[in-house]
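These notes are about the structure you will find just below.
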Amino acid sequence: MSTTQWDLTQRIASQFAGSYPLAGTYHEERYAAQAPDFVARAAELVTEETGLGTDGQPTVDVVSRQQWVDVNLAAFERLLEPV
């Protein structure tokens, strides 16, 4: 059983993450539309520089700060569960 207080961790992380001033505006939608092109270009540059490729195209999800906190804490909770 983990000794980490995940509820407390969630509340603190959420307070620190705050909210992005442009969340929910057309700026966020525009970035979400452009993000796949940015990621595809980044993948090309990594392949050119390192010679390492990927199977298929990388994908991207544009998330809010709160969504990022939620996903990362869930991952750490699973990761640290055996500890």
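The values are calculated or read from the model by the stated rules, or taken from the named source; none is laboratory data. Computed from a predicted model, the values in this text were never measured in an experiment. Every residue, glycine as well, gets a Cβ built from its backbone with ideal geometry; the counts of neighbours run over all protein chains shown.
Side notes on the structure shown:
- Residue that is nearest to residue 80 (Cα to Cα), among those in the range 9-55 that are hydroxyl-bearing (Ser, Thr, Tyr) and surrounded by 10 or more Cβ atoms within 10 Å (Cβ to Cβ): 9
- Filtered residue count, the range 56-83, keeping only those that are surrounded by fewer than 11 Cβ atoms within 10 Å (Cβ to Cβ), modelled with pLDDT of 90 or more, of a type in the set (D, E, K, R) and over 23 Å from residue 43 (Cα atoms): 1
- Pairs with Cβ under 6 Å, 6+ apart, first in the range 18-41 and modelled with pLDDT of 85 or more, second of a type outside the set (A, V, I, L, M) and surrounded by 10 or more Cβ atoms within 10 Å (Cβ to Cβ): 39/58
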